[in-house]
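The values are calculated or read from the model by the stated rules, or taken from the named source; none is laboratory data. Everything numeric here is computed off the predicted structure, so don't read it as measured data. Note: ideal-geometry Cβ built from the backbone for every residue, glycine included; neighbour counts use all protein chains shown.
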Amino acid sequence: MNNNDSKHTPIITLEEIARRKAEKREEVLKAKTQITETLRELFVPEENKGGIEGIMQHVNTGIAVYDGVMTGIKIMRKVRSYFTKKKK
(Lines give C-alpha, C1' and ligand atoms only; values in the text may rest on other atoms or scores of the structure.)
Protein backbone atom coordinates (compact mmCIF):
# COMPACT_ATOMS: atom_id res chain seq x y z
CA MET A 1 0.00 0.00 0.00
CA ASN A 2 1.14 3.43 -0.83
CA ASN A 3 0.60 6.32 1.60
CA ASN A 4 -0.14 8.64 -1.31
CA ASP A 5 -3.28 6.63 -2.12
CA SER A 6 -4.82 7.12 1.34
CA LYS A 7 -7.26 9.94 1.92
CA HIS A 8 -5.85 13.18 3.22
CA THR A 9 -7.24 14.04 6.65
CA PRO A 10 -7.47 17.74 7.45
CA ILE A 11 -5.21 19.06 10.16
CA ILE A 12 -7.16 20.43 13.10
CA THR A 13 -5.41 23.11 15.11
CA LEU A 14 -5.97 24.07 18.73
CA GLU A 15 -7.56 27.31 17.59
CA GLU A 16 -10.06 25.36 15.47
CA ILE A 17 -10.90 23.13 18.43
CA ALA A 18 -11.37 26.17 20.69
CA ARG A 19 -13.62 27.86 18.11
CA ARG A 20 -15.78 24.73 17.70
CA LYS A 21 -16.00 24.32 21.46
CA ALA A 22 -17.19 27.92 21.85
CA GLU A 23 -19.81 27.43 19.11
CA LYS A 24 -21.11 24.24 20.70
CA ARG A 25 -21.19 25.83 24.16
CA GLU A 26 -23.28 28.68 22.74
CA GLU A 27 -25.66 26.17 21.11
CA VAL A 28 -26.03 24.31 24.41
CA LEU A 29 -26.77 27.55 26.29
CA LYS A 30 -29.42 28.51 23.72
CA ALA A 31 -31.01 25.07 23.98
CA LYS A 32 -30.97 25.29 27.78
CA THR A 33 -32.74 28.65 27.64
CA GLN A 34 -35.39 27.29 25.27
CA ILE A 35 -35.96 24.22 27.45
CA THR A 36 -36.27 26.37 30.58
CA GLU A 37 -38.80 28.67 28.91
CA THR A 38 -40.85 25.72 27.65
CA LEU A 39 -40.90 24.09 31.09
CA ARG A 40 -42.00 27.36 32.70
CA GLU A 41 -44.87 27.67 30.24
CA LEU A 42 -45.95 24.09 30.91
CA PHE A 43 -45.58 23.78 34.66
CA VAL A 44 -45.90 27.22 36.24
CA PRO A 45 -49.32 27.35 37.91
CA GLU A 46 -51.81 29.88 36.72
CA GLU A 47 -52.63 32.92 38.81
CA ASN A 48 -55.08 32.29 41.58
CA LYS A 49 -58.49 33.54 40.68
CA GLY A 50 -61.22 34.50 43.09
CA GLY A 51 -64.81 33.43 43.39
CA ILE A 52 -66.34 30.88 41.06
CA GLU A 53 -63.35 30.95 38.70
CA GLY A 54 -61.04 29.97 41.57
CA ILE A 55 -63.29 27.08 42.57
CA MET A 56 -63.51 25.88 38.97
CA GLN A 57 -59.72 26.08 38.66
CA HIS A 58 -59.39 23.77 41.69
CA VAL A 59 -62.03 21.41 40.30
CA ASN A 60 -60.26 21.26 36.92
CA THR A 61 -56.92 20.59 38.63
CA GLY A 62 -58.50 17.81 40.71
CA ILE A 63 -60.04 16.20 37.65
CA ALA A 64 -56.72 16.35 35.81
CA VAL A 65 -54.90 14.72 38.75
CA TYR A 66 -57.55 11.99 39.04
CA ASP A 67 -57.37 11.33 35.29
CA GLY A 68 -53.58 11.08 35.42
CA VAL A 69 -53.65 8.67 38.37
CA MET A 70 -56.28 6.45 36.75
CA THR A 71 -54.35 6.37 33.48
CA GLY A 72 -51.19 5.40 35.37
CA ILE A 73 -53.01 2.60 37.20
CA LYS A 74 -54.43 1.25 33.94
CA ILE A 75 -50.99 1.29 32.32
CA MET A 76 -49.44 -0.46 35.35
CA ARG A 77 -52.09 -3.19 35.25
CA LYS A 78 -51.57 -3.70 31.52
CA VAL A 79 -47.79 -3.93 31.90
CA ARG A 80 -48.11 -6.32 34.84
CA SER A 81 -50.44 -8.53 32.83
CA TYR A 82 -47.71 -8.99 30.23
CA PHE A 83 -45.25 -10.27 32.83
CA THR A 84 -47.45 -12.49 35.00
CA LYS A 85 -48.13 -16.08 34.13
CA LYS A 86 -51.72 -17.14 34.09
CA LYS A 87 -52.46 -20.35 35.97
CA LYS A 88 -54.66 -22.88 34.23
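Among the residues of segment 36-57, at least one is surrounded by 10 or more Cβ atoms within 10 Å (Cβ to Cβ), assigned to a helix (DSSP H, G or I) and in contact with a Lys or Arg (Cβ under 7 Å, 6 or more places away or on another chain).
Among all residues of segment 9-17, there is none that is part of a helix (DSSP H, G or I), under 18 Å from the mean Cα position of the chain (by Cα) and surrounded by 10 or more Cβ atoms within 10 Å (Cβ to Cβ). Residues that are within 30 Å of A64 (Cβ to Cβ), small (G, A, S) and modelled with pLDDT of 85 or more: does segment 11-22 have at least one? Taking every residue of segment 11-22 in turn, none turns out to be within 30 Å of A64 (Cβ to Cβ), small (G, A, S) and modelled with pLDDT of 85 or more. Of the residues making up segment 65-84, those that are hydroxyl-bearing (S, T, Y) and closer than 20 Å to F43 by Cα are Y66, T71.
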